[in-house]
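Student: This is the structure I have questions about; it appears just below.
The values are calculated or read from the model by the stated rules, or taken from the named source; none is laboratory data. Predicted model only: the values in this text are computed from it and were never measured. In this analysis, Cβ positions are derived from the backbone assuming ideal geometry, glycine residues included, and neighbour counts consider all displayed protein chains. Accessible surface is based on the protein model in full, side chains and every heavy atom, while ligands, DNA and RNA are left aside. Shrake-Rupley method; radii C 1.70, N 1.55, O 1.52, S 1.80 Å.
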Amino acid sequence: MSAPTSRLADRLGLPSVRGHLPLVAALIVSAVGAGLAGPLMLIYLHVVAGLSVPTAGVLLTATGVGSLVVPALVGRLSMRFGARPVVIGGQLVQAIGTAGLLLAAVPVGRTMPVLALCCAMIGFGQRAFWSAVFTVIADTADHGAGSTGSWFALSGMAQGTGFAAGALAAGALLTLSGELPYLIAIAVNAVALLTSGLLLLREPTYAAATSDSEPTGQVHRDGAYLLLIGANTLFAFCSMVLALGLPLYVITALDVPAWVVGPLLAMNTVLGATCQGIAVRATQRFRQVRVMVAAGVIWAVWGLLTAVLTAAPAWLVLPALIVAVLVYSVAELIHAPVSMSLASAAAPKAARPSYLSWFQYSFALASVIGPGLFALSFGVSPSLPWVITAGVGLLGCVSVTVAGRALAGRLTVAG
């Protein structure tokens, strides 16, 4: 990395990627495929595979719930074989499952067993990827330049940039008619996943740290760490409510044009893809638990601000929405890298692959609970989900504070 580039990276709070370009490229390529195909998966199963929308939704939900067994299994595999082979395996399994969905273009591939198998491979491979990739990033931080927090920030920015590019490409594809755009999206995603896995073969691998004095693979008996997972489940719920609920809220409950949803979500995506490193640099002087508490408080403010928009004058709703999304984005920017840095710091190094795999249960559980809780509360009142989100954010502050005290002996001042 040249001196000017290095200085720019330092100002942005990012680490040097010298020697680790395959990892960064793999994250970007994988995210491009996800951004392209992910938003179209439900409609692909409906338009190309011929499933009804409810049946397609149940199929994706069922495979998602089934994949909840993966993090615990991945923890054991990562401890035995290393995290990088597990990440590569997860990408390859996803690639095979995604390519298999292309069979839906012909009658033999439209049978429920074939579709269920493909969706299960995608769900299990995706869960394996997310359960092991953060260990790869933490190992890279241990052996490279930059803090753990800066590496998690870089990974988030790389994935955010890739996802945004993929989502833009998906929008362009939808200008085409018929089944073609959906087939292209699925095919490109399969190639992207395969390419990502192959790129990771070129990334350096590191032997796991070992110590006779540290426990290995005992996260399910580590009450303090399980409390941290529970606290982050609350924060993970807050982090997904914007994309989950804002479109429905804007379209059905607020006096603003429906088209504003796109720019609002795009603004959040751009901030996430460009500013995580800056957020890490701005918060690195503070203890990780305090940063998490700040994120929870900011999410609570965001939830209450969003909830009262139904009673706001029409001229104020759009400016208030912009402010609300900016407030949400600040919480997301400081939570995303710091939560993973905290999870890594709290894990015994010899057992870190297992611990970080289990930490993914916080996001997995939130993704299972979130849609149902939002839908049920929205049915009572459009403002209620946002009030609940504020309460969840504050409960997360209390929980992570208690967890932080229980883990105090393991934690460093900054990620």
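Student: Over the Cα atoms of segment 353-415, how large are the radius of gyration and the largest Cα-Cα distance (Dmax), in Å?
Tutor: 15.4, 45
Student: So if R0 is 22 Å, what FRET efficiency would Thr310 and Ile369 give, r being the distance between their Cβ atoms, rounded to the nearest 0.05?
Tutor: 0.35
Student: Moving to a separate point now. Accessible surface of Phe378 in the full protein assembly, 1.4 angstrom probe, to the nearest 10 Å²?
Tutor: Per-residue accessible area (Phe378): approximately 30 Å².
Student: When only Cα pairs under 8 Å and 6 or more residues apart are kept, what is the percent relative contact order across the chain? Intermediate values should be presented prior to the final figure.
Tutor: Working: 664 pairs, mean separation 106.7, N = 415.
Once divided by the residue count of the chain, the mean separation gives 26 percent.
Student: Rounded to two decimals, what ratio of Rg to Rh does the chain give with C-alpha atoms and a Kirkwood Rh? It would help to have the intermediate numbers written out before the result.
Tutor: Details: Rg = 21.0 Å, Rh = 21.9 Å.
Ratio of gyration radius to Kirkwood radius for the chain: 0.96.
Student: Counting each DSSP H run of 4 or more residues in the chain as -39500 (n - 2.57), what helix-only mean residue ellipticity at 222 nm follows after dividing by all residues, to the nearest 500 deg cm²/dmol? Numbers along the way, then the final one.
Tutor: Values: 16 runs with 315 residues, N = 415.
Mean residue ellipticity at 222 nm (helix-derived): -26000 deg cm²/dmol.
Student: Also, quick follow-up: Measuring from a point 7 Å past the Cα of Val106 along Cα-to-C-beta, which residues in segment 44-77 have an amide N at less than 18 Å?
Tutor: Within reach of a label on Val106, which here means backbone N under 18 Å from a point 7 Å along Cα→Cβ, segment 44-77 contributes 48-50.
Student: Here's another thing I want to ask about it. Take each complete run of DSSP H in the chain, measure how far its Cα atoms stretch along the helix's own axis, and keep only those covering 18 Å or more with mean Kyte-Doolittle hydropathy at least -0.5; list them.
Tutor: On the way: long enough: 21-37 (24 Å, 2.24); 53-66 (20 Å, 1.35); 83-101 (27 Å, 1.01); 112-143 (46 Å, 1.05); 148-173 (37 Å, 0.90); 180-200 (30 Å, 2.04); 223-253 (43 Å, 1.80); 261-283 (30 Å, 1.03); 288-307 (29 Å, 1.55); 314-346 (47 Å, 1.76); 361-380 (29 Å, 1.58); 384-406 (33 Å, 1.48).
Span-like helices here: 21-37, 53-66, 83-101, 112-143, 148-173, 180-200, 223-253, 261-283, 288-307, 314-346, 361-380, 384-406.
Student: Tally Lys/Arg at +1 and Asp/Glu at -1 over every other residue whose Cβ is under 13 Å from the Cβ of Val293; what's the total? Before the final figure, lay out the partial values.
Tutor: Values: positive: Arg287, Arg290, Arg405; negative: none.
Neighbour charge sum, excluding Val293 itself: +3.
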